[in-house]
Structure formats: structure tokens, C-alpha cells
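This report refers to the structure that appears directly beneath it.
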Ligand SMILES: [Zn+2]
């Protein structure tokens, strides 16, 4: 694994940069000046004048590192501080450093959490420990669309009707929060770059799926408005397989349409359906339920590592068919018999605020 530093390190962050470099090296990373071959690029930016790093290689993970004056007063202030930096820098994660006080990580899913700077090597090792697994994770980004959907499904079936109804129910529960208006911060070219970076068609949080038969399931498309799921192949896709060699999700779509990408979490749902024939539906929301088992590392959405971490937790639940799994600093993945059954069971316990650590 290789890492590179980019941008300008200010005097006040010089010591931070040196010690982070040492911590990454101690973790087995090799420092390089060749950005194109780096797995992790630490882009040091100025909050008031963010200079993006446009990665050359789609496997490069970008961290935007910047200095803050003091810890944010609350969650809202934290988001409004880091989000513009995250998107303007075209990065996967933001790292806000208040020298001698704390370092705060921020993600696209609005997850953000701080670790306290006690000046020890362990603090820097902790930062490296949080960046490295993300840099080493693999996005399952490719889609293969086969125009072989049987004609009787071109207008959907009772399962897609349940997806449409569930999307409206999520909306009524206010669980489809307005995503951050990144289009207000970015030029068209950079907006397209960010869409590719996160493998998203737009920004609309959460996703839902329901089983069609032994091997196939319907799932919401990436970035669509979940409160209005209508068209087959556009708003909802029939996932038929995962092509491990190509690391691509395989879908059946009607002929003659321009299909949309399936939700980036399709790989996670695929693994759960294949392993648990009794699971009939899965919902992912950015909300929380107290007392749930949760993943330990906040891998990015759509990575094989996140899919495995969630599938591993579903497997060890007393009842994998009715499981509620926490995704650290991010949200929940919930299994059930049907989408309706999930709502009826979980709705009374839903908390909109996700705990951050
Ligand atoms: Zn999510």
C-alpha cells in the first residue's frame, strides 16, 4: 500500500503531517510522490480556498485534511463545516484537525466523529487505523444490464408494488432526509466527478429491496427519489446475479430502455439473500435503533468490505430473518419477511439521530 501527500501543509499542521506520515509508515504503508499509484492521497487544503485533488485512478482513496479553530458546537455545525470541504476537495473523507485538541472525520453519509488528540503516537496510529481500511476497501461499482426481463415483469409485479409503497412509507416517516445540496458547491464537471467518486446517480439516502424468487430480488436504483418508485429498469431493478470475476452486479431489464444503476448496496443485499433463503426483504436507512449490533469500521457504501461486515453480523444474529444491524456512524440494515413486516416491527423504535464514535 502506498500513500502520498498533496497540497500545501501549513506551519500549524506540519507536525501533524509528519506524525501521520510516520504512523502510516509504521502501518506498512510506503510514501510516494507519484499520486497516480497511491492508494491513499492525503490532500492538505485550506478551508476557505479548497483546491480539489482530481484522482487519476478510480481506486485512489482521497482524504481532505484541513485545520479548524475549535471543535464544532454540535452535529449540525460539524456537518456545515466539513461538508463543503469534503465535496469541494472531491474527497472520500474529510479530516478536520484542531491541533492539540481533536481530529474529526466526516463522510458523505453525514457521519462524523472525533478522536481526542492526546499528543501520543497512539493517537496518530488511531488515525492511520481509521484511514487505512477505507483506503484498502473495494467498491463494487460495475453494473451489467441484460435486456432479458420476462415481458410479464416489464410493468412490475406485486413485489415492486410493495417497494413503491415502502418508499412512500419511508418518506412519510421523514426517513428520506434532504441530502446535502452539493450541486450548490460544485461546477458541473466536479459534480460529475463526485457522482463517479461515490458511484452514485444522485443523492438520496437509503435503499430497499424485496425478494422475487430463490435467486433474484428487486431493488431501488441509485440516487432515485424513493418516495416515487415507478419505472422498471429505471427506478427499480431486478438483480439476478453477482459476477465475481468482473466485480459487477447483474440485472435483468426490459428491452429498449436506458437502465439506471442499481443502489450501491446491492452487493450487500445480494449476499444476505443468497445466504438466508428466509429473508424476504431488506431496508437500509440513515437512522438508528438502540442496542443493536454494529460494524466496527465505517467502510464506504457499496464496498465489498461493508457488505461482508454486515453479512457477517446478520449470520450471527439469533434470528437472521428479523435482524437489525448497525452500520457504524452511518445507519441501519434491516432484514425481514416483507417490507411491510419490517416497518411494522421497527417503526416504533426508530431514532433519527445516529450515534457517532
Ligand atoms: Zn447509507
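Just so it is clear, none of the values below were taken in a lab; they were calculated from the coordinates. Just so we're clear, the structure is a prediction, and the values are computed from it rather than from any experiment. Because the Cβ atoms are built from the backbone with ideal geometry, glycine has one as well, and the counts that use them run over all protein chains shown.
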If r is the Cβ-Cβ distance from residue 12 to residue 319 and R0 is 56 Å, what FRET efficiency results, to the nearest 0.05?
0.60
Quickly estimate the mean residue ellipticity at 222 nm for the chain, helices only: each DSSP H run with n ≥ 4 gives -39500 (n - 2.57), and the total goes over all residues, rounded to 500.
-8500 deg cm²/dmol
Pick out which of 183, 230, 247 has the largest mean-square fluctuation in a Gaussian network model of the chain, springs linking Cα atoms closer than 10 Å.
183
Computed over the stretch 290-357: relative contact order in percent, which uses C-alpha pairs under 8 Å that are six or more apart:
30
By DSSP, what percent of the beta bridges with both residues in the chain are antiparallel, rounded to the nearest 5?
60
Looking at the stretch 142-349 only, what percent of DSSP beta bridges run antiparallel? Nearest 5 please.
75
Going by the alpha-carbon gyration tensor, a ≥ b ≥ c the square roots of its eigenvalues, is the stretch 142-349 rounded (a/c under 1.5) or, if a/c is not under 1.5, prolate (a/b greater than b/c) versus oblate?
rounded
The stretch 84-141: relative contact order in percent, alpha carbon pairs under 8 Å with at least 6 residues between
20
Take the alpha carbon gyration tensor of the chain, find the square roots of its eigenvalues, order them as a ≥ b ≥ c, and report rounded if a/c is under 1.5; if not, report prolate when a/b exceeds b/c, else oblate.
prolate
Counting only C-alpha contacts under 8 Å and six or more residues apart, can you give the relative contact order of the chain as a whole percent?
14
Please determine, in degrees from 0 to 90 and to the nearest 10, the orientation of helix 188-197 with respect to the longest principal axis defined by the Cα atoms of the chain, where the helix direction is its Cα long axis.
80
Taking the chain as a Gaussian network, where each spring joins two C-alpha atoms under 10 Å apart, which residue of 313, 153, 175 fluctuates the most?
153
Return one number: the angle in degrees, 0 to 90 and rounded to the nearest 10, between the long axis of the Cα atoms of helix 304-315 and the longest principal axis of the Cα atoms of the chain.
60
Ranking of 115, 342 by count of other Cβ atoms within 10 Å, fewest first
115, 342
I need the peptides 205-218, 322-335 ranked by packing, meaning the mean over residues of other C-beta atoms within 10 angstrom, with the highest value on top.
322-335, 205-218
Can you tell me which of 258, 136, 102 moves the most in a GNM of the chain? Springs connect C-alpha atoms under 10 Å apart.
258
